[in-house]
Ligand SMILES: Cc1cc2nc3c(=O)[nH]c(=O)nc-3n(C[C@H](O)[C@H](O)[C@H](O)COP(=O)(O)O)c2cc1C
């Protein structure tokens, strides 16, 4: 079972990246979590380019990673009650290419605030669901006051967060193992 992991933050000392890398280490036997290539170099989404190509070179390694994955885990901050524009830009490119369609997703928001990125969590859930991605509620987490729970220098997480993350990964892996063909394919077969 292969899970692609996407971090919504580009910060070098990102708390979300630290949680994502902990998930890579905590993956149980039989599950491989791989950090997807960065979306940093992706140009802004342009529907003309998406429609007639050629698609941006920076999109290719990300598409390959998503194509090879059985599911996706997203760790994202919240900016001004939304999820980051860079991540939305990646998802806009994905609308046309569709490698994540029908695949299960874990949505995790990590925030320094007590509100734990709940608006970004809701926004990501809405966007992914609209794209036909299967957001798994039991695999979701909102982590607040994260400076006390995540050490980006050492990668260490508080024990409670480790337990929550293990549960989230297990729920995502369970759903990924039962995932059928995506909605588009199912419609084709009907
Ligand atoms: C531009 C900006 C806007 C932010 N807006 C919010 C917000 O709306 N809600 C929130 O919980 N945290 C907000 N934060 C704080 C982030 O939760 C915090 O910076 C977090 O560490 C970012 O994630 P990262 O460490 O993975 O980069 C904001 C931070 C920045 C830089």
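The values are calculated or read from the model by the stated rules, or taken from the named source; none is laboratory data. Every value quoted in this text rests on a predicted model; they were computed, and no experiment measured them. Heads up, the Cβs are rebuilt from the backbone with ideal geometry, glycines too, and the neighbour counts pull from every protein chain shown.
Among the conditions (1) away from the ligand (no atom under 12 Å from the Cβ); (2) under 24 Å from residue 143 (Cα atoms), residue 98 misses just one, which is (2).
Taking the stretch 12-24, which residues are exposed (fewer than 13 other Cβ atoms within 10 Å of the Cβ) and without any contact (Cβ under 8 Å) to a residue 40 or more places away in the chain?
Initial filter on the stretch 12-24 (exposed (fewer than 13 other Cβ atoms within 10 Å of the Cβ)): 12-13.
The answer is 12, and nothing else.
Within the stretch 44-72, the only residue that satisfies the criterion of being buried (at least 20 other Cβ atoms within 10 Å of the Cβ), more than 21 Å from residue 165 (Cβ to Cβ) and touching a residue at least 40 places away in the same chain (Cβ under 8 Å) is 66. Of the helices (runs of 4 or more DSSP H) entirely within the stretch 73-190, those holding at least 2 residues that are surrounded by fewer than 19 Cβ atoms within 10 Å (Cβ to Cβ), without any contact (Cβ under 8 Å) to a residue 24 or more places away in the chain and more than 14 Å from the chain's Cα centre (by Cα) occupy 159-178, 183-189.
Take the residues of the stretch 29-43 that are in contact (Cβ under 8 Å) with a residue 40 or more places away in the chain and surrounded by 11 or more Cβ atoms within 10 Å (Cβ to Cβ): which is farthest from the ligand (Cβ to nearest atom)? Result: 31.
Here 97, 101, 112 are screened, and the one residue that is modelled with pLDDT of 95 or more and under 17 Å from residue 3 (Cβ atoms) is 101.
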